[in-house]
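J.: Mind looking over this structure? Questions follow.
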Amino acid sequence: MVACERASAGLCGRPPDAPTNVGTWWTTALAFLRGLGAHVTLGGSMLGKVEANHPMWSAYLKMSPVRVAATRTLGTVSRRAYYGPLAPLRAGRIRKATPPGRRWVRVRNSVAGIAGADVARVYLDEDGRIALAALPRQKRIYLGSEVAGEVVDVGPEVEFLRVGDRVAYQLDVCCATRDIEPPCEQCAAGNYRLCANRYMSGPRGVGGGWGDEMLLHERQLFLVPDTLADEQAALLEPAAMALHTALHHLPQPGEQVLVIGAGTTGLLTIQALRVLAPSATIAVLARYPFQAKMAWQMGASALLDPKKDTEDVVSATGAQHLKGRGGAEMVMGGFDAVYDTVGSAETLERALRWVRAGGVVVQAGMHQARVRVDLTPIWQSGIRVIGAGGPGAESWPGGEGLADWSGSSGGRVSTFALAAELMREGKLTPELLVTHRFPLRELRRAVATARNKAEHQAIKVLLDIRSVAGSVTHTTLAPRRSTLA
Ligand SMILES: [Zn+2]
């Protein structure tokens, strides 16, 4: 079975993988790792209590309507407004970061990524009229979902983690992190990010990747295998996201697909598709030349020229290009599938026009605005548009490229565990996308660099939190004094 082989290889990530029906394999894996003493530091405050009122330093958004409105107005004059005293973006010490439960752990961060979604939040890109804007929000939103660190304290009922474990942030709230039994239908199916209870009130994590520490439920974390460096561990999240996107709709052998967008998500999706469907032809539409260059390295088969992209689609797929009066265009034929990793009106419209009749458009971009798009190809050509969703548990074996690798007759496995295994084998290499590294004290510069991709030729920007923790957050390094129940 996949689980046993992965466990014996010491590569199993920890839950939440599927608490109801694949829990046994990772529990077995954990016992095996413990038996080896793998990345476990005994002693210290293991099995102790998480410290109360421990001062932390974190960047977060203070989402008051006044701050949002004022910053949006000032932001039309100067981009500095998004970092000014009225901006929602705040950074500083957090008082009384008290663990809300007995299965919570404290993580000292080591490396964090600047994710596009976080940058969009800093610059208040979200349109207040989209459906997501109706969801309940916290007044304080912590930033930094791509992060790795080390467990430095555990609550009294923590089962799966110990002090010294290296971990990566895996997910926000779901039934497992709320100790809800039995789990909802989506969690039972391994779709933790679609959990029916994810918006219910209850304890949430404190701190994010853009800070020195986090307090999280143990099930929000993935145990990082020793084979991955800290930077790789911090990039498990985007790697798992790309892997899930590719697995969500796998090309059939010999099919032609297109990836729109060549940022971190697009580039890793190209690489995941190349690994999972090696006989597929993978074209890419990149906005900038430096992205196109990286797309080749990630395994793209062809590049579309943004200045004559429709002509290139016709040339690559043998489709027929129809032009009507008034500038209307249509492609008869096209790609078997298109992965839109941007999600803007322009990219979605291209995806719908460039996919063949009966083809699939996978929407993986997280554009948070209403868009005006010509939807006629959907009903005219019977196109399926599917949302990529997010990492969780995947059906496995997953594709022509890895059927032999798994050696399994089928099952489910954690997306993070799969990503970690592929990274260990050098088949997924998110670390190659890192173009910039900043110490945490240069957070503003790091975010601005990620925002202005073309100017800085930035793909993935990382924060090195270890190098400056003392200078930025000296209070957090004070000796721990007490614990709480
Ligand atoms: Zn659930």
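The values are calculated or read from the model by the stated rules, or taken from the named source; none is laboratory data. If you're wondering where the values come from, they're calculated on a predicted model, not measured in any experiment. Virtual Cβ from ideal backbone geometry, glycine too; neighbours counted across all protein chains shown.
J.: Working carefully through the options V284, V338, V314, V331, find the one that is of a type in the set (A, V, I, L, M, F, W, C) and in contact (Cβ under 8 Å) with a residue 60 or more places away in the chain.
T.: V338
J.: Looking at T310, T347, T281 in this structure, which one is of a type in the set (S, T, Y) and crowded, with 20+ Cβ neighbours inside 10 Å?
T.: T347
J.: Can you tell me which of G155, G190 is away from the ligand (no atom under 16 Å from the Cβ) and either free of Cβ contacts under 8 Å to residues at least 60 places away in the same chain or assigned by TED's automatic domain parsing to the domain that holds D464 (or both)?
T.: After ruling out the rest, the residue left standing is G155.
J.: Kindly check whether there is at least one residue in region 101-114 that is at pLDDT below 90 and either touching a helix residue (DSSP H, G or I) at 6+ places or on another chain (Cβ under 6 Å) or over 30 Å from G75 (Cβ atoms) (or both).
T.: Checked against the condition, which is being at pLDDT below 90 and either touching a helix residue (DSSP H, G or I) at 6+ places or on another chain (Cβ under 6 Å) or over 30 Å from G75 (Cβ atoms) (or both), region 101-114 yields at least one hit.
J.: Name, by its number, the condition in (1) within 12 Å of the ligand (Cβ to nearest atom); (2) closer than 17 Å to R102 by Cβ; (3) touching a helix residue (DSSP H, G or I) at 6+ places or on another chain (Cβ under 8 Å) that does not hold for R178.
T.: (3)
J.: Let me ask another. Go through region 163-175 and give me each residue that's away from the ligand (no atom under 16 Å from the Cβ) and buried (at least 19 other Cβ atoms within 10 Å of the Cβ).
T.: Within region 163-175, V163, D165, R166, V167, A168, Y169 qualify.
J.: Just checking, does region 211-234 include any residue being assigned by TED's automatic domain parsing to the domain that holds D464, polar (S, T, N, Q) and over 18 Å from the mean Cα position of the chain (by Cα)?
T.: Checked region 211-234: at least one residue is assigned by TED's automatic domain parsing to the domain that holds D464, polar (S, T, N, Q) and over 18 Å from the mean Cα position of the chain (by Cα).
J.: Would you mind telling me which numbered condition in (1) among the hydroxyl-bearing types (S, T, Y); (2) modelled with pLDDT of 95 or more; (3) over 30 Å from A115 (Cβ atoms) T310 fails?
T.: Here T310 clears every test but (2).
J.: Read through the list (1) hydroxyl-bearing (S, T, Y); (2) away from the ligand (no atom under 11 Å from the Cβ); (3) out of contact with any Ser or Thr (no Cβ under 9 Å at 6 or more places or on another chain), then give the number of the only condition that Y142 fails.
T.: Y142 satisfies all of (1) hydroxyl-bearing (S, T, Y); (2) away from the ligand (no atom under 11 Å from the Cβ); (3) out of contact with any Ser or Thr (no Cβ under 9 Å at 6 or more places or on another chain) except (3).
J.: Would you mind stating whether T227 is in contact (Cβ under 8 Å) with a residue 12 or more places away in the chain, of a type in the set (V, I, T) and away from the ligand (no atom under 16 Å from the Cβ)?
T.: yes
J.: Here is a follow-up. For region 384-485, please list each of the helices (runs of 4 or more DSSP H) lying entirely inside it that holds at least 1 residues being under 27 Å from R103 (Cβ atoms), in contact with a Phe, Trp or Tyr (Cβ under 9 Å, 6 or more places away or on another chain) and modelled with pLDDT under 80.
T.: The helices (runs of 4 or more DSSP H) meeting that bar are 469-472.
J.: If G358 meets every condition in (1) loosely packed, with under 14 Cβ neighbours inside 10 Å; (2) within 24 Å of K307 (Cβ to Cβ) apart from one, which number is that one?
T.: So G358 meets the others, but not (2).
J.: Yes or no: region 405-419 includes at least one residue that is closer than 21 Å to A262 by Cβ and touching a helix residue (DSSP H, G or I) at 6+ places or on another chain (Cβ under 8 Å).
T.: Looking through region 405-419, at least one residue is closer than 21 Å to A262 by Cβ and touching a helix residue (DSSP H, G or I) at 6+ places or on another chain (Cβ under 8 Å).
J.: A follow-up question, please. What's the number of the only condition in (1) touching a helix residue (DSSP H, G or I) at 6+ places or on another chain (Cβ under 6 Å); (2) assigned by TED's automatic domain parsing to the domain that holds G101 that T245 fails to meet?
T.: The number of the failed condition is (2).
J.: Looking at (1) touching a residue at least 60 places away in the same chain (Cβ under 8 Å); (2) touching a Leu at 6+ places or on another chain (Cβ under 8 Å), can you tell me which one Q363 breaks?
T.: (1)
J.: If I filter region 70-77 for residues that are without any contact (Cβ under 8 Å) to a residue 24 or more places away in the chain and of a type in the set (G, A, S), do I get at least one hit?
T.: Yes, there is a match, as at least one residue in region 70-77 is without any contact (Cβ under 8 Å) to a residue 24 or more places away in the chain and of a type in the set (G, A, S).
J.: When the residues of region 193-202 are narrowed to those that are within 20 Å of V413 (Cα to Cα) and touching a residue at least 40 places away in the same chain (Cβ under 8 Å), which ends up nearest to the ligand (Cβ to nearest atom)?
T.: Here the answer is L194.
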